[in-house]
Amino acid sequence: VTVTPQSSLADRPVQIRVRGLSPSQLVTLRAWLKDEQGECFQSRAFFRADGAGEVDPGLHAALGGSYTGVWPMGLLWFLQPDTLFRRLVKRDVAGSPFRVRLEVFDGICLGMDPREQPLGSCEAERWYVGPGVQRVPIREGRVRGALFLPPGPGPFPGVIDLFGGAGGLIEFRAGLLASRGFAVLALAFFAYDDLPRVLAQLDLEYFEEAAELLLRHPKVRGPGLGVVGVSKGAEVALAMASLLPQVVATVWINGTAFLHGNPLVYKELRIPPIPYYTERIQLTELGAIDNSAIFADPRDPAYCASAIPVEKIRGKVLFVVGEADRSFNSKLFAELALARMPPESGRILSYPGAGHLIEPPGSPLCSNSSIRGTPRPVAWGGEPQPHARAQEESWQEILQFLELCLGSVATMKL
């Protein structure tokens, strides 16, 4: 079994090949890794070798297992946790890769018998930072996060990277963006270091301070910067695009266009939130929380004061929507925002079958996971194959959009 290249960035494709089998031999290809908590994620697919005794998932259709059909990266894209409600997230992005073990077994191997020995195996490294990318912890003024700088003198286009309602600091997307030539500030805004433990309000002056800090860095090219946000982070990103002149490019991934749950404050401005109707929470068959019904209809005139003032946007916005999002009606929010924005300032990429957590390619679909601050795991939605396609396509679109709005980047090889 070989993986080419053996070491690569987690968003890049690799080629998996098996040689030395008998013609038409039925085999099982298995991929597995352990995350930093020791949780095992694995996938398997059944193949019949060709006349030369070879299997190439990029050419040969999987007959069954974790997926079917021709998916060159299927063994990595369809990894699933052994324990329900676990999400595969790389925490120590700069210190180590995910090490993925690839094994080939004779016949149909369902993995029930630990005595089954593979016919062959190899290990692939999947990195979230490229060679020479520097991680700098940020603790300046009120701002808390981590700055990722590409190698070289720069200056590089600057991007702020935001995640959602789980809080803390999540860095894997920032590391991959920096590996593509952007200077990226992974920004925490609650439940991290000395920041508030819970999100009582969105203080836009905190995000303005972060933007100014990033633009002051000698390796960051101004005058404008980009923001990428998902979920609650997308709500923040849209508010930044509306009210902060430094923001010229915004990637909004499955968010809202109104304040929800927490007010936004900025100088003399206060935008009241639409309350969550938590009595409408539903439970899925797996026992996860389905939040899709807890949002009031934002088109109700009673909520117009809660709208983010997107008519003030001066830059560009790329809306990325998963139509099978079980958390928000993201498509409706994107359409409502776009209708009020200046002409030609935004566009929507909408993906049927994709769930809430649209991430860089190589991130397996997480349709349900435990999250800080909720009594039960949360349902995010999505179907594995359309979600994988959405992640692959939207990542390329996001990179092109940021480069178009912020200027060219130095490309790196890994």
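With coordinates expressed along the principal axes, the C-alpha atoms belonging to the chain extend over 73, 53, 41 Å, beginning with the largest.
Placing dummy labels 7 Å off each Cα toward the beta-carbon, the span from Arg299 to Gln134 is 5.2 nm.
Working from label points 7 Å from Cα in the Cα-to-Cβ sense, the Gln396 to Asp106 distance is 4.1 nm.
Rounded to the nearest 0.05, what FRET efficiency do Glu335 and Gln117 give with R0 = 51 Å and r taken as the Cβ-Cβ distance? Could you check?
0.40
Bridging of Lys90 to lysines at a Cα separation below 27 Å is possible for Lys34, Lys219, Lys232, Lys413, once same-chain residues fewer than 8 apart are set aside. Full extension of the chain between Glu311 and Lys219 gives 29.9 nm of extra length, using 0.36 nm per residue less the Cα-Cα distance.
Between Glu383 and Val70, what length in nm is gained on full extension when 0.36 nm per residue of separation is reduced by their alpha carbon distance?
111.0 nm
Taking 16 Å as the straight-line reach from the Cα of Lys312, none of the lysines fall in range once those fewer than 8 positions away in the same chain are excluded.
Shape descriptor for the stretch 2-127: Rg over Rh equals 0.96 (Cα atoms; Rh from the Kirkwood inverse mean 1/r). Annotation for Arg99 and Thr278: the two label points, set 7 Å from Cα along the Cα-Cβ direction, are 4.3 nm apart.
Just to verify a number: FRET efficiency for Ser370 and Ser24, C-beta to C-beta distance, R0 = 25 Å, to 0.05? Show your work: numbers first, answer last.
Values: r = 44 Å, r/R0 = 1.75.
For R0 = 25 Å, the calculated efficiency reads 0.05.
The residue among Ala354, Ala288, Ala334 whose Cα reaches farthest toward the positive pole of the charge dipole of the stretch 241-372, with charges on the beta-carbon of Lys, Arg, Asp and Glu, is Ala334.
Would you mind telling me the antiparallel percentage of the DSSP bridges in the stretch 134-406, rounded to 5? Working shown, then result.
Values: 20 of 51 bridges.
Beta bridges within the stretch 134-406, antiparallel portion: roughly 40 percent.
Axis angle, to the nearest 10 degrees, between helix 384-406 and the longest C-alpha principal axis of the chain: 50 degrees. Of the GluC sites (Glu not before Pro) found in the stretch 349-414, none is in coil by DSSP with at most 15 other Cβ atoms within 10 Å of its Cβ.
Report, to the nearest 10°, how far helix 204-216 tilts away from the longest principal axis of the Cα atoms in the chain, using its own Cα long axis and a range of 0 to 90°. In the chain, helix 204-216 runs at an angle near 70 degrees to the longest axis. A DSSP coil position with no more than 11 other Cβ atoms inside 10 Å describes the following trypsin sites (Lys or Arg not before Pro) in the stretch 81-127: Arg115.
Taking a straight Cα-Cα cut-off under 17 Å and skipping sequence neighbours fewer than 8 places away in the same chain, the aspartates and glutamates within cross-link reach of Lys316 are Asp161, Glu235, Glu335, Glu344, Glu397, Glu403.
Whenever you get a sec, line up Arg17, Arg142 from highest to lowest accessible area (probe 1.4 Å, protein heavy atoms).
On the way: Arg17 65, Arg142 100 Å².
These residues rank, largest area first, as Arg142, Arg17.
Restricting the stretch 280-366 to trypsin sites (Lys or Arg not before Pro) that sit in a DSSP loop and have at most 16 other Cβ atoms within 10 Å of their own Cβ leaves Arg299, Arg314.
The values are calculated or read from the model by the stated rules, or taken from the named source; none is laboratory data. These numbers were taken from a predicted model, which means no experiment stands behind them. FYI the Cβ positions are ideal-geometry reconstructions off the backbone, even for glycines, and counts take in every protein chain you see. The protein model used for the area step is the full one, side chains on, heavy atoms only, and it has no ligands, DNA or RNA in it. Shrake-Rupley method; radii C 1.70, N 1.55, O 1.52, S 1.80 Å.
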